[in-house]
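Asks: Once you've had a glance at the structure underneath, I'll fire off some questions.
Values in this text are rule-based calculations from the coordinates and carry no lab data. Only a predicted model underlies this, so the values are computations on that prediction, with no experimental measurement involved. When we count neighbours, we look across all protein chains shown, and the Cβ atoms used for this are built from the backbone with ideal geometry, even at glycine.
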Amino acid sequence: RKEVEQDPGPFNVPEGATVAFNCTYSNSASQSFFWYRQDCRKEPKLLMSVYSSGNEDGRFTAQLNRASQYISLLIRDSKLSDSATYLCVVNMRHGNKLVFGAGTILRVKS
Amino acid sequence: DVKVTQSSRYLVKRTGEKVFLECVQDMDHENMFWYRQDPGLGLRLIYFSYDVKMKEKGDIPEGYSVSREKKERFSLILESASTNQTSMYLCASSLTSGSPYNEQFFGPGTRLTVL
């Protein structure tokens, strides 16, 4: 079983739609959680950290469910510019070593 | 802004060649990382370093070595390149602090093709 699993997609949605991605992780002792965004042929960049209480940044909402070991990302009012691969990332132990999911592809169409 | 640079965007090498990939960061970060990214597998950690002259194996270190002689520079070495090392190689850096939420900053990547 992979340490971090995501649905690869692609998710094809129209502009203005709401879309949600889930990600599951295997290690219940995981310390911290993130969503990174990777545009085509570019490097990954941090989108948002995921806190236990859930957090929101504009149109993006991230939630953590420790009991079920999954995190989610909700994007409201999708824009064309949201088209990218979204990487679920988990810090599984103390220190700065991260484990990346394979990514979920989002395509927003007009 | 944090800047992580990698020596080449594209590289083509032959089987058996020794390959050096260089990474430099300009924000005085303690931690540096080398990943490879392959379709369907995501980013996999090859090696990382928490300090100068210090290195630790990641999840897939076989066939690779690293060098960190200066804080800002972290080199990945393929001693004898093989075709299964054809991949996108990404370098990253991050600060050391008490928080588990340290962001990793990535370089633009080097797409290596081994023929």
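Asks: Please compute, for peptide A:44-50, the average count of beta-carbon atoms on other protein chains lying within 10 Å of each residue's beta-carbon.
Replies: Mean inter-chain Cβ contacts per residue within 10 Å come to 4.
Asks: While we're here: Can you list the HN-Hα couplings for the stretch B:62-68, worked out from phi with the Karplus curve (6.51, -1.76, 1.60; θ = phi - 60°), rounded to whole Hz and with x for Gly and Pro?
Replies: 4, x, 10, 9, 9, 9, 9
Asks: Which are the unpartnered cysteines of the protein assembly as shown, meaning those with no other cysteine Cβ under 4.7 Å from their Cβ?
Replies: A:40
Asks: Using Cα centres only, tell me the gap between the stretch B:1-38 and the stretch A:31-78 in whole Å.
Replies: Distance between centres, Cα-based: 26 Å.
Asks: In the stretch A:28-109, which trypsin sites (Lys or Arg not before Pro) fall in coil by DSSP and have 14 or fewer other Cβ atoms within 10 Å?
Replies: In loop regions of the stretch A:28-109 (DSSP not H, G, I, E or B), the sparsely surrounded trypsin sites (Lys or Arg not before Pro) are A:41, A:42, A:59, A:66, A:76, A:79, A:93.
Asks: List the longest stretch of chain B that has no exposed loop site; here a site is one of the trypsin sites (Lys or Arg not before Pro) assigned by DSSP to anything other than H, G, I, E or B, with at most 11 other Cβ within 10 Å.
Replies: Segment B:54-115 is the longest.
Asks: Only four residue types carry charge here, +1 at the Cβ of Lys and Arg and -1 at the Cβ of Asp and Glu. Report the dipole size of the protein assembly as shown about the Cα centre in Debye, rounded to the nearest 20.
Replies: With only Lys, Arg, Asp and Glu charged at Cβ, the dipole is about 400 debye.
Asks: Based on the Cα gyration tensor of the protein assembly as shown, what are the three equivalent ellipsoid semi-axes, each the root of five times an eigenvalue, rounded to whole Å and given largest first?
Replies: Each semi-axis is √(5λ); the values are 30, 20, 16 Å.
Asks: Going 7 Å from the Cα of residue B:52 toward and past its Cβ, which residues in the stretch B:61-97 have a backbone nitrogen under 14 Å from where you end up?
Replies: B:68-74
Asks: Now for a separate question. How high is the relative contact order of chain B, given as a whole-number percent (alpha carbon pairs under 8 Å, six or more residues apart)?
Replies: So the answer I get is 36 percent.
Asks: Ordered by residue, what ³J(HN,Hα) values in Hz, to whole numbers, does the stretch A:35-49 give under the Karplus form 6.51 cos²θ - 1.76 cosθ + 1.60, where θ = phi - 60° and Gly and Pro are x?
Replies: 10, 10, 10, 10, 7, 4, 6, 10, 7, x, 9, 5, 8, 6, 7
Asks: Using each residue's phi in the stretch B:22-29, evaluate 6.51 cos²θ - 1.76 cosθ + 1.60 at θ = phi - 60° and report the 3J(HN,Hα) Karplus result to the nearest Hz, with x for Gly and Pro.
Replies: 10, 9, 10, 10, 10, 10, 6, 6
Asks: Still on this structure: Using the alpha carbons of the stretch A:9-110, what is the convex hull volume per residue in cubic angstrom, as a whole number?
Replies: 95
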